[in-house]
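A quick write-up on the structure given underneath.
The values are calculated or read from the model by the stated rules, or taken from the named source; none is laboratory data. Since this is a predicted model, take the numbers as computed values, not measurements. No Cβ is skipped: glycine too gets one built from the backbone with ideal geometry, and neighbour counts run over all protein chains shown. Calculation scope for accessible area: heavy atoms of the full protein, side chains included, ligands and nucleic acids excluded. Shrake-Rupley method; radii C 1.70, N 1.55, O 1.52, S 1.80 Å.
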Amino acid sequence: MPFLMIHCVSSMNVTNEYLNHKCLLNQGKYNSRSEYEDNLNRLFRKVSSDAYGVIGFTDTSIGTSTPNFITITLQCRGDSIGSKCHTCADTAISEFRKRCPKNKGGIIWYDQCFLYVSTIQEEAPIKTNYENIFSMYNSNNVRGDGNFFAKRAMDFLSELTLNVEKKIKDIHVILYAAGEKKLGKNKLYAMVQCIQLTLDCKSCLEWSIKKLFKNSDVKQGARVLGTNCEVRYELYPFLRS
């Protein structure tokens, strides 16, 4: 079954709040002063110091034998590159250590980035992982015709998905698209994003968009996050221009 949690979010603009985490218990734990701990610390230092912030993405690994192999993926939101990406990365690393102490693998999500630590070596491009996906919803329902709102919001998110697909063919750097659209008296703000390693960005985004509106109660804001892609819409601006 997919990993699914539903939260309420408040109407705040650009934030970097903690969203969720998952310790990958099936990957085991490591001992203090072990080779695994040394490798993990080395990779965390690398993630904190490398110049990946210009594109907001890094995927790095260390170790040759299975017990001590580690791979770390960090993806920053498309509007949070440069120093903001590094700041989010440092926060994620610090909190990962607290929330998943001694766990070999785990994932932690923030508004502006997510960190994924794993002992499993996958060849890129990677298939979408539907087990580590969760949803968040605004507590307030849309006023008026919810079905009309849902249709328009899905259409807009699909437009953004097509923009990401165009970028994939051209630059292979930031698989991200965002925008705003007038919806009656409201303005809809939305974004879609994939990590560079994702095998099928379009399918991941389309699946996530459908999941946003799986319930009859249409919310004023919602998002679906995972380790391959992310989609979000709100009735307030939540991104940097």
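Out of all the residues in region 97-104, is one or more farther than 15 Å from Leu24 by Cα and in a helix (DSSP H, G or I)?
no
Among the residues of region 194-215, what is the count of those that are touching a helix residue (DSSP H, G or I) at 6+ places or on another chain (Cβ under 6 Å) and basic (Lys, Arg)?
Total satisfying the criteria: 1.
Just to be sure I understand, how many residues within region 79-134 are among the acidic types (Asp, Glu) and under 15 Å from the mean Cα position of the chain (by Cα)?
3
So, in region 1-26, of the ones that are part of a strand (DSSP E or B) and at pLDDT below 50, which residue ends up nearest to Ser135 (Cα to Cα)? Steps first, answer last, please.
Applying the first criterion (part of a strand (DSSP E or B)) to region 1-26 yields 3, 6-9, 18-23.
Applying the additional criterion that residues be at pLDDT below 50 yields 3, 6-9.
Working: Phe3: 9, Ile6: 5, His7: 7, Cys8: 10, Val9: 11 Å.
Top of the filtered list is Ile6.
Among the residues in region 58-68, are any surrounded by 12 or more Cβ atoms within 10 Å (Cβ to Cβ), among the small types (Gly, Ala, Ser), over 20 Å from Asn228 (Cα atoms) and touching a residue at least 40 places away in the same chain (Cβ under 8 Å)? Please lay out each step first, then the result.
Of region 58-68, the ones surrounded by 12 or more Cβ atoms within 10 Å (Cβ to Cβ) are 58-63, 67-68.
Next, only the ones that are among the small types (Gly, Ala, Ser) stay: 61, 63.
Still in the list and also over 20 Å from Asn228 (Cα atoms): 63.
Subset that is touching a residue at least 40 places away in the same chain (Cβ under 8 Å): none.
Within region 58-68 (the criterion being surrounded by 12 or more Cβ atoms within 10 Å (Cβ to Cβ), among the small types (Gly, Ala, Ser), over 20 Å from Asn228 (Cα atoms) and touching a residue at least 40 places away in the same chain (Cβ under 8 Å)), the answer is no, since none of the residues qualifies.
What number goes with the only condition from (1) out of contact with any helix residue (DSSP H, G or I) (no Cβ under 6 Å at 6 or more places or on another chain); (2) touching a residue at least 60 places away in the same chain (Cβ under 8 Å); (3) open to solvent by less than 60 Å² (accessible area, probe 1.4 Å); (4) farther than 20 Å from Thr227 by Cβ that Val142 does not pass?
Val142 satisfies every listed condition except (1).
Here are the criteria: (1) part of a helix (DSSP H, G or I); (2) of a type in the set (Gly, Ala, Ser); (3) under 25 Å from Glu234 (Cα atoms); (4) out of contact with any strand residue (DSSP E or B) (no Cβ under 6 Å at 6 or more places or on another chain). Tell me which single one Ser80 does not satisfy.
Every listed condition holds for Ser80 apart from (1).
Can you say whether Ile93 is in contact with a strand residue (DSSP E or B) (Cβ under 9 Å, 6 or more places away or on another chain), farther than 21 Å from Ser241 by Cα and not in a helix (DSSP H, G or I), as far as the supplied structure shows?
No: the conditions fail for Ile93.
So, restricting to strands (runs of 3 or more DSSP E) that lie completely within region 131-235, which ones have at least 3 residues that are in contact with a Phe, Trp or Tyr (Cβ under 8 Å, 6 or more places away or on another chain)?
Values: elements: 134-138, 176-183, 186-194, 222-225, 229-234.
Output list reads 176-183, 186-194, 222-225, 229-234.
Determine which single condition Ser241 fails, assuming it passes every other condition in (1) out of contact with any Ser or Thr (no Cβ under 6 Å at 6 or more places or on another chain); (2) at pLDDT 95 or above; (3) under 15 Å from Gln112 (Cα atoms).
Unmet condition: (2).
Test Leu205 against the criterion of being out of contact with any Leu (no Cβ under 6 Å at 6 or more places or on another chain), in contact (Cβ under 8 Å) with a residue 24 or more places away in the chain and within 20 Å of Tyr130 (Cα to Cα), and give yes or no.
So Leu205 passes the test.
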